[in-house]
Every structure is written in structure tokens, then in C-alpha cells.
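The values are calculated or read from the model by the stated rules, or taken from the named source; none is laboratory data. Just so it is clear, the structure is predicted and the values come from calculations on it, not from any experiment. Positions of Cβ are backbone-derived with ideal geometry, glycine not excepted, and every protein chain shown enters the neighbour counts.
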Amino acid sequence: MRIGLTGGIGSGKSTVAGFLREAGAAIVDTDVISRALTTPGGAAMPAIAQQFGVEFVTADGALDRDRMRALAFSDTAAKRRLEAILHPLITAEALTQAEAARAPLVVFDVPLLVESGRWRPRVARVLVIDCTVETQRARVLQRPGWTPERVEGALAAQATREARRAAADAVILNDGLPLAALRSEVMSLAARWGCETMTTP
Ligand code: ADP
């Protein structure tokens, strides 16, 4: 079975992905794929250099992330152009990885699954990790390099809690939940979705 895993920034999505991996699922991480596409020699780099100019490419041939983030933040059309390059490549690589996976459950970890709409037809279930915006802020502010302004910008660029919950087949409310309880909730879902081997706590 193929499922989509999503959640707002700081929701605990990556933590849940780790537990799903532990349960025996194969995780296809679209963020990792996206980064690989834009490292030196990455498959997206020729198109990025052609469309945005070499000033968006670092000396070693990677995407200049800070510069692109600034542009995409202020220029919606540029953001769309970048997505038009990256999204088909991300999807293709994710599907290749899913084909190669030898696991009862394949999990596509997609931060913007609800926003993009491209993933829903490709997965049997959507699992949303949910928490309050206050909890998201508190968690993300612990990360090095995150200012309150950057957190608000990231929150504003993502779907609302309600939109995400409306798109979900299953929701884990990860708020005030001890990690052990989160883990066991994830393990039961994984078992229900085909992972037979449950590791002991
Ligand atoms: P996301 O991938 O959704 O941005 P993470 O899984 O990285 O979020 O979680 C954000 C932070 O919150 C991490 O430091 C993680 O360890 C912590 N965290 C997530 N869920 C819990 C929880 N139930 N209890 C304690 N800490 C948590």
C-alpha cells in the first residue's frame, strides 16, 4: 500500500516518518529528493540555470538556496516557474524509488501534499500529522537559524490546519502527546496498513 504523509512545519511529520521506517515501511522523502536535484550536478540544475540565470547557481554548481528563497518569496510567478521545473522531477524520482522499494507499506513524505494536489491520486491514504499553530511555532523556534519572522513566513505559505485535516484519511493529533504514545499510535496504524512486524517498544 502507498500512503502520503504530510503535516505543517513542526507538526512532527519527520518524527512520524522515523517511526514508520522502524515499523518496516519504506519512506520516500520528497524533501531529500528535491535537495538532491539541486545539488552540484543535480538533474534540475541545467533548467534552473537556463531559466533563472547563473546568478542563482553557486560556484560549485548547486542552487543558491538563500537567493532563490528570497526571489520565490517575493515573486509568485518565479516560484511557479521553479516548481514547474522541480515538481515533475521530484514525482518521477519518488515513483522510481517507490517501485524499487521492497516493503509492505510505501510512505511518500510530502510536506506540501495538500497544497499541491498532485499526490492524492497516487496514494491510497493520506496521513496528516496535526498540532496547534502555537505548538508548531514553539517547536520550529528551537531550530537553529529560525527567527519568529521566518516561522510566520513558513506558516503563511502552508495550508491551514483545517484544509489539511479535511484532506486526511487519518489524523494523528501530535500535541501534548508523549513520544512513546506517538510511537505506539504510529505502530498501530502501520500494522493496520500492512506492516506485519511490530517492533517491541
Ligand atoms: P516536522 O518534520 O513536522 O517539521 P519534526 O518531526 O522535526 O517536525 O518535529 C519537530 C520537533 O518537535 C522535533 O524536535 C521533534 O523531536 C519534536 N517533537 C515532535 N513530536 C513530539 C512529541 N510528541 N513529543 C516531544 N517532542 C516532539
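With respect to the conditions (1) of a type in the set (A, V, I, L, M, F, W, C); (2) in a helix (DSSP H, G or I); (3) touching a helix residue (DSSP H, G or I) at 6+ places or on another chain (Cβ under 7 Å); (4) surrounded by fewer than 20 Cβ atoms within 10 Å (Cβ to Cβ), VAL114 lacks only one, and its number is (4). Pairs linking a residue in segment 86-107 that is more than 17 Å from LEU5 (Cβ to Cβ) to a residue that is outside any helix (DSSP H, G or I), with Cβ atoms under 7 Å and 6 or more positions apart or on different chains, are LEU86/ALA44; HIS87/ARG118; LEU89/ALA43; LEU89/ALA44. Is segment 191-200 home to any residue that is within 14 Å of PHE19 (Cα to Cα), in contact with a helix residue (DSSP H, G or I) (Cβ under 7 Å, 6 or more places away or on another chain) and hydroxyl-bearing (Ser, Thr, Tyr)? The answer is yes, given that some residue of segment 191-200 is within 14 Å of PHE19 (Cα to Cα), in contact with a helix residue (DSSP H, G or I) (Cβ under 7 Å, 6 or more places away or on another chain) and hydroxyl-bearing (Ser, Thr, Tyr). Sort out which residues of segment 16-57 are under 12 Å from the mean Cα position of the chain (by Cα) and of a type outside the set (Lys, Arg), and write them in order of number. Selection gives VAL16, ALA17, ILE27, VAL28, ASP29, THR30, ASP31, VAL32, ILE33, SER34. For segment 109-132, a residue qualifies if it is within 16 Å of the ligand (Cβ to nearest atom), free of Cβ contacts under 8 Å to residues at least 60 places away in the same chain and over 14 Å from the mean Cα position of the chain (by Cα), and exactly one does: THR132. Just name the residue that is nearest to the ligand (Cβ to nearest atom) out of those in segment 168-192 that are assigned to a loop (DSSP other than H, G, I, E, B) and surrounded by 18 or more Cβ atoms within 10 Å (Cβ to Cβ). Applying the filter and picking the extreme gives ASN174.
Look at ARG150 and say whether it is touching a helix residue (DSSP H, G or I) at 6+ places or on another chain (Cβ under 9 Å), modelled with pLDDT of 95 or more and among the basic types (Lys, Arg). Answer is no for this residue.
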